[in-house]
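Sharing a structure, written as structure tokens. Questions coming.
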Amino acid sequence: MNLDQAFETYVHESRDLLQQMEELLLEFSQGRSDPESVNALFRAAHTIKGSAGLFGLDGIVDFTHGVESVLDLVRDGAVPMTPDLAALLLECRDHMAGLVEAVAAGTELDDEALRTGAELQRQLGTYLGGEASAAQSPTAVVETGGSGVAGDEGYWHISVRFGRDVFRNGMDPLSFMRFLSTVGRIVAVTTLAHEIPAADEMDPESCYLGFEIGLVSAADQSTIEGVFDFVRDDCTLQILPPTSRAADYVALIEALPADEVRVGDLLVRCGAITEAQLEAALRIQGAEAAGIGDAAAQARLIGEILIAQKSVAPPVVEAALDKQKQLRDGKAQESRFIRVDADKLDRLINQIGELVIAGAGINLVAKRRGAADLLEAASVLGTLVEDVRDSALQLRMVPIGATFNRFQRVVHDVARDLNKDIALLINGGDTELDKTMVERIADPLMHLVRNAMDHGIEPTEVRVQNGKPARGTVKLNAYHDSGGIVIEVGDDGGGLKTDRIVAKAVSRGLIPEGAALTQREIHELIFEPGFSTASQINNLSGRGVGMDVVKSSVTDLRGTVEVDSREGEGTTIRIRLPLTLAIIDGFLVGVNDSVFVVPLDMVEECIEFTDAARTEARGREFVNLRGQVLPFIQIRDLFEIGGQPARRENILVVRYAGQRAGLVVDELLGEAQTVIKPLGKLFQKVRGIGGSTILGDGRVALIMDIPGLLRHVHGKATNREGASATALQ
Amino acid sequence: MRIDQRMTIYTAAELKPRLLAEIADSAVPSVDLSAVQEIDAAGLQLLLLARREAAAVGREFRILEPSECVREVLSLAAVSYMDSGPTSLGGPAT
């Protein structure tokens with residue numbers, strides 16, 4: 001993994017974590033609170049800071065440090081999580097998001113953002129101030145915050161050897177030591193002078209010094225490494241973090257010139273082990289070495305024996321274990337997920353699409369040959385391919401909950417801007433749908449939610465006057481319904497005002513004056529381009545580019561939108577989307593030589609178009625289906641296929657969004673898995689066709705756009721009703 | 001001996017022979033650092049060298065009356081020194 005990729009991963013992870021922080025903080029701001037959430041918040045901030053450190057993103061590290069410190073105090077119970085603090089932290093989160101995005105875009109924050117950051121740090125400082133050292137300036141908060149934090153401090157071992165030219169390059173190793181004491185407490189130092197050569201050869205202007213340092217610090221590795229930044233090329237630096245285990249110490253010990261320094265002493269002096277432990281180790285070594293007598297081997301052995309005895313100082317081990325447990329807890333969750341490039345998934349799904357087509361081919365051959373064993377094998381294969389297809393598609397499925405939860409924040413902010421009291425209710429967040437669709441539906445949803453809050457929910461006084469609860473409610477709901485997903489955005493506001501919509505539509509020339517429209521048709525008008533009922537335009541909604549854009553984005557996803565509104569009670573916008581964009585179970589029908597695919601989920605039943613029924617229909621376009629009117633379409637006529645109708649025609653009854661219609665076709669060819677291939681640009685406007693697919697025998701079949709056909713049929717039906725209504729008058 | 005100048009990289013070349021001479025000539029090599037106004041790692045390194053060279057010939061090199069800045073550096077580098085008043089100047093040997 002190269003650095004760019006690692007960086008991208010960092011940005012992605014940070015976004016996820018920031019999202020998580022936002023959700024948690026919103027919970028807090030509503031007064032909900034539990035210790036696990038505080039921990040989760042702390043971990044998120046900690047990880048963002050830590051990873052930022054790895055990339056040397058000092059801005060993020062500095063700012064997040066303050067946030068982390070405050071969260072740490074909350075975690076310890078030293079500072080209560082008040083709604084005020086939650087609000088402040090929420091602002092801090094936003095600033096962090098700004099920092100991350102700036103870094104991702106490779107830009108710098110503008111002055112205003114920087115001022116905001118400083119101000120936030122100052123406010124955070126007031127929470128930190130009560131603890132240890134009172135902070136006077138924002139920067140002081142950041143610097144002192146860390147050392148004041150208990151519980152997160154660890155024992156670091158730093159081993160540094162300065163290069164010969166350090167003095168000549170104008171640097172003083174001691175100044176690095178002094179600097180080091182600003183990031184933590186130096187608890188032990190051993191100055192190594194053993195590299196100084198014999199007096200005659202020693203050049204007083206060369207540096208021969210090295211230091212072994214024990215540092216107790218809450219800072220992270222990058223901060224500590226950062227201390228030595230200026231001398232980085234001119235020194236050998238080894239840092240053993242508190243999480244280091246025996247092996248790391250062994251490595252360090254082996255790296256040391258064993259002949260000159262007594263490793264054991266060194267570790268004792270630096271606090272990594274205690275005197276008593278060293279003595280015990282030496283005794284063992286003495287006993288073992290008695291037979292060997294090799295001095296060099298002995299010196300090396302000390303370290304190893306210490307490790308073997310597990311006698312490296314308790315604070316080291318304890319800190320290490322503590323830290324490791326934390327890491328493991330985090331990892332256990334992380335390792336349940338893998339990040340996969342979306343392109344790889346798409347490729348897999350494409351390949352499975354081809355597999356489906358090939359499988360259909362084999363099935364066809366088997367049928368033609370009438371070989372029973374081949375048929376059986378093909379059917380087993382078919383079942384497996386179907387399973388694989390489902391699993392592969394499942395890979396792309398994500399719960400819509402994450403998108404829904406994002407609206408908590410939107411509602412929170414917009415409600416404040418509008419000065420309304422609005423709660424968001426979320427249902428069905430675990431309903432899954434295709435990732436691409438989740439992404440593409442987010443914007444339309446955003447618009448709908450804002451619309452609901454701005455236009456739907458009445459001002460508080462009006463609500464109280466009308467005997468409604470003062471607090472308005474916006475509902476987001478998702479559920480599966482006949483092979484698709486339904487997403488609802490509802491509000492308990494004033495509902496659509498039909499008279500105002502009609503008046504507006506007339507003034508815009510959308511409908512003629514005095515047109516007889518059903519309630520439903522009036523509601524549909526709000527999706528017309530350029531239609532906006534907002535009496536005043538503000539920056540939230542009502543710019544007149546709203547609902548029609550929502551509608552076209554949904555249509556692009558092969559979905560539909562409908563409105564359900566009751567004046568005075570509220571409005572619900574219902575979006576129906578197909579589950580996936582790639583593969584569907586299809587039902588094949590034949591007309592003359594052409595084959596069409598109808599999505600199987602929408603097929604309700606097949607009936608024979610009997611001569612009796614044909615006679616009964618007598619040129620009208622509906623039949624009597626068990627006492628109900630079923631409008632039908634002659635597919636042959638619709639697509640102008642020509643040829644003579646088969647002797648026995650069939651009617652395929654399809655249903656979508658509560659509407660039914662019959663499709664008159666020649667042949668019913670049965671089920672087949674269908675890989676949807678998009679239509680070329682030229683054909684995209686063709687009515688009644690939603691896509692194409694390749695059949696097992698290599699022929700191309702068109703996929704019928706059932707929702708489109710149903711609209712067509714019912715549109716005609718309504719016109720007829722309208723006509724008969726006028727005729728009656 | 002007494003050093004009354006800076007003990008830094010700028011004076012290191014000049015100080016080295018003086019310190020070595022002190023070890024060679026004096027039965028009880030010692031250096032009075034009360035007048036040292038500035039010391040850096042190069043100076044520290046010289047003191048460590050002197051101490052080692054003295055030990056090599058069986059003597060103890062004493063650092064006497066370190067000034068404020070010397071104390072800071074010695075404690076920073078955890079180098080021990082005789083922290084006593086002028087009374088111990090002669091030491092038990094004299």
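The values are calculated or read from the model by the stated rules, or taken from the named source; none is laboratory data. No experiment lies behind these values; they were computed from the predicted model shown. Note that each Cβ is placed from the backbone with ideal geometry, even for glycine, and that neighbours are counted across all protein chains shown. Quick note on the areas: whole protein, heavy atoms, side chains included, nothing else; ligands and nucleic acids left out. Shrake-Rupley method; radii C 1.70, N 1.55, O 1.52, S 1.80 Å.
Enumerate the whole-percent occupancy of each 5 Å bin, from 0 to the last occupied one, for all C-alpha pair distances of the stretch B:12-88.
In whole percents, the pair-distance histogram is 3, 16, 29, 27, 19, 6, 0.
Among all the aspartates and glutamates, which ones have a C-alpha under 19 Å from residue A:468's C-alpha, if same-chain residues fewer than 8 places away are not counted?
Of all the aspartates and glutamates, those that pass the test against residue A:468 - Cα under 19 Å, at least 8 places apart if same chain - are A:421, A:454, A:458, A:491, A:492, A:567, A:569.
Sort the stretch A:583-728 into rounded, prolate or oblate with this rule: let a ≥ b ≥ c be the square roots of the eigenvalues of the Cα gyration tensor; rounded if a/c is under 1.5, and if a/c is not under 1.5, prolate when a/b is larger than b/c, oblate otherwise.
Since a/c reaches 1.5 and a/b is larger than b/c, the shape of the stretch A:583-728 is classed as prolate.
Under 5 Å between amide hydrogens, which residues at least 5 positions from residue A:623 or on another chain qualify, with H placed 1.01 Å from N in the peptide plane?
The list, which skips near neighbours in sequence, is A:630, A:632.
Separate question: Ranked from the most accessible area to the least, with a 1.4 Å probe and all protein chains present, what is the order of B:60, A:461?
Order by accessible area, largest first: A:461, B:60.
Right, next: Which is farthest toward the positive dipole end of the stretch A:583-728 among A:702, A:594, A:690, measuring Cα position about the Cα centre, with Cβ charges +1 (Lys, Arg) and -1 (Asp, Glu)?
Positive-most Cα among the choices belongs to A:690.
With no solvent and one point per C-alpha, what does the Debye sum give as log10 I(q)/I(0) for the stretch A:544-661 at q = 0.14, 0.16, 0.20 Å⁻¹?
-0.80, -0.95, -1.19
As an exercise, identify the GluC sites (Glu not before Pro) in the stretch A:168-231 lying in DSSP coil whose Cβ has no more than 13 other Cβ atoms within 10 Å.
The qualifying sites are A:201.
Report, by chain and number, residues whose modeled amide H sits under 5 Å from the one on residue A:189, excluding near sequence neighbours (fewer than 5 apart, same chain).
Residues meeting the criterion, in which the H sits 1.01 Å from N, are A:214.
Work out the length of the dipole vector of the stretch A:398-578 about its Cα centre, built from +1 on the beta-carbon of each Lys and Arg and -1 on the beta-carbon of each Asp and Glu, and round it to the nearest 20 debye.
260
Taking the full set of protein chains and a 1.4 angstrom probe, give the accessible area of residue A:518 in square angstrom, rounded to the nearest 10.
Residue A:518 exposes around 70 Å² with every protein chain in place.
Given the convex hull of the Cα atoms of the stretch A:398-578, what is a quarter of its surface area in nm²?
Over all viewing directions, the stretch A:398-578 projects a mean Cα-hull area of 10.2 nm².
Sort the stretch A:459-525 into rounded, prolate or oblate with this rule: let a ≥ b ≥ c be the square roots of the eigenvalues of the Cα gyration tensor; rounded if a/c is under 1.5, and if a/c is not under 1.5, prolate when a/b is larger than b/c, oblate otherwise.
Oblate, since a/c reaches 1.5 and b/c is not below a/b.
Which one, B:50, B:31, B:15, projects farthest toward the positive side of the charge dipole computed for the stretch B:12-88 from Cβ point charges (K/R +1, D/E -1)?
Result: B:50.
Could I ask something else about it? Along the charge dipole of the stretch A:342-396, pointing to its positive end and built from +1/-1 on Cβ of Lys, Arg, Asp and Glu, which listed residue (A:395, A:382, A:365) has its Cα farthest out?
In the stretch A:342-396, that residue is A:365.
In debye, nearest 20: dipole of chain B around its Cα centre with unit charges on the Cβ of K, R (+) and D, E (-)?
The calculated dipole for chain B is roughly 260 debye.
Further question: With charges only on Cβ, +1 for K and R and -1 for D and E, what is the dipole size of the stretch A:342-396 about its Cα centre, in debye, rounded to 20?
With Lys and Arg at +1 and Asp and Glu at -1, about 180 debye.
Further, regarding this structure: Looking at the stretch B:4-40, which GluC sites (Glu not before Pro) are in a loop (DSSP not H, G, I, E or B) and have at most 14 other Cβ atoms within 10 Å?
Filter output for the stretch B:4-40: empty list.
How high is the FRET efficiency from residue A:499 to residue A:423, r the C-beta distance, R0 35 Å, rounded to 0.05?
Approximately 0.75, to the nearest 0.05.
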